[in-house]
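Presented below is the structure to which this report refers.
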Amino acid sequence: MKYYLHLWDDGLFEQDHEGTDLSNPAAARNEGLKFAQEIWSNLNAPDQAVVEVTDPKGFVVWRITAADVAQARGRGFRSLA
């Protein structure tokens with residue numbers, strides 16, 4: 001199933017038009033966390049930014065915030081990129 005990783009940063013919305021084929025919602029969350037970790041230091045307002053992971057119908061499956069990124073880093077979660 002395709003999942004989409006959309007970014008809200010300082011009032012700006014960047015929509016993922018391509019999506020990523022992933023096996024389930026847990027894999028989509030992991031992909032969202034990886035994406036967030038890769039970009040977080042380059043954002044305009046990282047404390048307010050949100051990565052929304054949506055399904056093909058546009059329903060939000062996960063909302064990833066700065067707190068989620070910090071918690072993932074604290075658990076040793078590393079991006080594979």
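The values are calculated or read from the model by the stated rules, or taken from the named source; none is laboratory data. Treat the numbers as computed from the prediction; the structure is a model and nothing was measured. Note: ideal-geometry Cβ built from the backbone for every residue, glycine included; neighbour counts use all protein chains shown. In case anyone asks, the SASA skips ligands and DNA or RNA and just uses the protein heavy atoms, side chains included. Shrake-Rupley method; radii C 1.70, N 1.55, O 1.52, S 1.80 Å.
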Output for Cβ contacts, cut-off 6 Å, separation at least six or different chains, first residue more than 18 Å from Tyr4 (Cα to Cα) in the stretch 61-81, second modelled with pLDDT under 85 and open to solvent by less than 100 Å² (accessible area, probe 1.4 Å), reads Ala66/Pro46
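Just give me the residues in the stretch 1-22 being over 11 Å from the mean Cα position of the chain (by Cα), touching a residue at least 40 places away in the same chain (Cβ under 8 Å) and under 17 Å from Val61 (Cβ atoms), in sequence order. Walk me through it before giving the result.
Residues of the stretch 1-22 that are over 11 Å from the mean Cα position of the chain (by Cα), as a first pass: 1-2, 9-15, 17-22.
Next, only the ones that are touching a residue at least 40 places away in the same chain (Cβ under 8 Å) stay: 1-2, 9.
Listed by number, the residues that qualify are Met1, Lys2.
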Arg29 meets each of (1) in a loop (DSSP other than H, G, I, E, B); (2) within 8 Å of the chain's Cα centre (by Cα); (3) of a type outside the set (Asp, Glu) with one exception, condition (1)
Scanning the stretch 34-66 residue by residue, those under 19 Å from Gly19 (Cα atoms) and among the hydrophobic types (A, V, I, L, M, F, W, C) turn out to be Phe35, Ala36, Ile39, Val50, Val51, Val53, Phe59, Val60, Val61, Trp62, Ile64
Going through the stretch 6-24 in order, the residues found to be within 27 Å of Asp47 (Cβ to Cβ) and outside any loop (DSSP other than H, G, I, E, B) are His6, Leu7, Trp8, Asp9, Leu12, Phe13, Glu14, Thr20
Across the stretch 20-72, the tally of residues that are at pLDDT 90 or above, among the polar types (S, T, N, Q) and surrounded by 12 or more Cβ atoms within 10 Å (Cβ to Cβ) stands at 4
